[in-house]
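Let me begin by presenting the structure, written as structure tokens, before commenting on it.
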Amino acid sequence: AQTVTQSQPEMSVQEAETVTLSCTYDTSENNYYLFWYKQPPSRQMILVIRQEAYKQQNATENRFSVNFQKAAKSFSLKISDSQLGDTAMYFCAFVYNQGGKLIFGQGTELSVKP
Amino acid sequence: KAGVTQTPRYLIKTRGQQVTLSCSPISGHRSVSWYQQTPGQGLQFLFEYFSETQRNKGNFPGRFSGRQFSNSRSEMNVSTLELGDSALYLCASSVGQAKNIQYFGAGTRLSVL
């Protein structure tokens, strides 16, 4: 069975600082995709970043980057220069095969403090 | 392009009733997935429809069902509602492959009294 684990239920960071959210997953699949989604208090889920498992290069999107360690099945998200608008629940997710079935972690609630 | 639209945004039902939720995907998207979000269980996959066929199914009882129309719009139905069905129901649409991003709607908040 495929599982995703986020071991940090809550985190906080000062504005402008850097924070890293952890995610580990378990799968026997070789081809899959990993995502970080953000769900602000308004609750619309938004994609933050995507990583293809067959790519060794870590994905980056502006202030967001990942540290993808395939052998360790680890997929952490680094947020640089944190902003108040980054306050949200962050979900790590995994999909494989045909797609359509995202498997989510339990989420990390991130608070950015002024 | 318009985003994923879910209706209604809020619903209040009583135990034993049934409910239908609707999801209109982004134009051109053929896949619609449904998720249940609760504080205790987190985000759980219900099912996915692709080109009017159920392609994936989660571990939910048969009271939860869905369908997809030729225009890719999808509906989810829950029969004989239980208190534990109270949740935020999210739908997401995508082009249809694993690599494709799923775009989420704002959700339908269902409260069962």
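With N set to the residue count of chain A, report its C-alpha Rg divided by 2.2 N^0.38 Å to two decimal places.
Working: Rg = 13.5 Å, N = 114, 2.2 N^0.38 = 13.3 Å.
Computed over Cα atoms of chain A, the ratio equals 1.02.
For the range A:13-114, the set of chymotrypsin sites (Phe, Trp or Tyr not before Pro) satisfying both a DSSP loop assignment and a count of at most 11 other C-beta atoms within 10 Å is given as A:Y54. In the range B:59-111, the ratio of gyration radius to Kirkwood radius, Rg to Rh, stands at 1.00 when only Cα atoms are counted. Whole-Hz Karplus values for the range A:21-29 come out as 9, 9, 7, 10, 9, 10, 7, 9, 6 Hz, taken residue by residue from phi with 6.51 cos²θ - 1.76 cosθ + 1.60 and θ = phi - 60°; glycine and proline positions read x. The calculated pair-distance distribution of the range A:1-49 uses every alpha carbon pair, bins of 10 angstrom beginning at 0, and gives 17, 45, 30, 7 percent.
Using the average count of surrounding beta-carbon atoms within 10 Å as a protection proxy, the listed peptides A:15-24, B:55-64 rank, highest first, as A:15-24, B:55-64.
Derived scalar couplings between HN and Hα for the range B:30-44 equal 9, 10, 10, 10, 10, 9, 10, 10, 10, x, x, 9, x, 9, 10 Hz in order, rounded to whole Hz, by the Karplus curve 6.51 cos²θ - 1.76 cosθ + 1.60 (θ = phi - 60°), x for Gly and Pro. Based on C-alpha pairs under 8 angstrom that are at least 6 apart in sequence, the range A:38-114 has a relative contact order of 25 percent. Near A:V112: Cβ cut-off under 13 Å, other residues only, Lys/Arg at +1 and Asp/Glu at -1. The net charge is -3.
Normalised by the number of residues in chain B, the average gap of Cα pairs under 8 Å and 6 or more apart makes the relative contact order 36 percent. So for the protein assembly as shown, if I pair up every lysine 8 or more residues apart or on another chain, how many of those pairs have alpha-carbons under 20 Å apart? Within the protein assembly as shown, the lysine pair count is 16. When Rg and the Kirkwood Rh are both derived from Cα coordinates, the Rg/Rh ratio for the protein assembly as shown amounts to 0.97. Distance distribution P(r), chain B, all Cα-Cα pairs, bin width 10 angstrom from 0: 16, 50, 29, 5 percent.
Each reported figure results from applying straightforward, stated rules to the coordinates on display, with no laboratory input. None of these values were measured; they are calculated from a predicted model. So basically every Cβ, Gly included, is an ideal-geometry build from the backbone, and we count neighbours across all protein chains shown.
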